[in-house]
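Every number in this text was worked out from the coordinates using simple rules, so none of it is lab data. None of the values given here were measured: they were computed from a predicted structure. Neighbour counts run over all protein chains shown; Cβ positions are idealised from the backbone, glycine included.
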Amino acid sequence: MSEQISGSLRSGRKNKFKSEINVVPYIDVMLVLLVIFMVVAPMTNPGTVDLPSAEKTALPPTDYIQISLRPDVSAEIGIHRPGKGKDTFESVPDRDALINSLQVIHAENPDLPVLIAADKNIIYNEVVQVISDAKKMGISRVGLATR
């Protein structure tokens, strides 16, 4: 009879395997990562840009070649000489004419620096191109006018 009891117990119970994934360790890892990101995130500031600093010149030049750039690609160029008569500025329709005028003025006055005054709505690339062209001509001092 003992064989019947033990056989009936075995036949009545079926061994079932658990086929579930234990997600508790994954939740623990995710919470640790969340805490790490919450601590590290305020330490980084991606919105700031470190700009180079420029010192103000001790004695700005009194005589210089002035270039005024406008957003419509036109410009004015001339020599600024305070106290030595009226300044004459020439309007030029585009950048090629500006570079040609700059070459002529620089050939006549090779010691004068260049000061570029650009409108705040101008494309930044235009200003950089004028600076680059002036440096290619051999002008060593090129500055930007600010308020």
* Within segment 131-147, tally of residues that are surrounded by 12 or more Cβ atoms within 10 Å (Cβ to Cβ) and more than 19 Å from the chain's Cα centre (by Cα) -> 9
* Structure fact -> Counting only residues that are farther than 22 Å from ASN121 by Cβ, assigned to a loop (DSSP other than H, G, I, E, B) and among the acidic types (Asp, Glu), segment 68-105 contains a total of 1
* Working only within segment 106-133, note down all residues that are aliphatic (A, V, I, L, M), assigned to a helix (DSSP H, G or I) and under 14 Å from SER68 (Cβ atoms). => VAL127, VAL130
* Positions within segment 119-147 being among the basic types (Lys, Arg), closer than 20 Å to GLN103 by Cα and without any contact (Cβ under 8 Å) to a residue 60 or more places away in the chain, in sequence order -> LYS135, LYS136
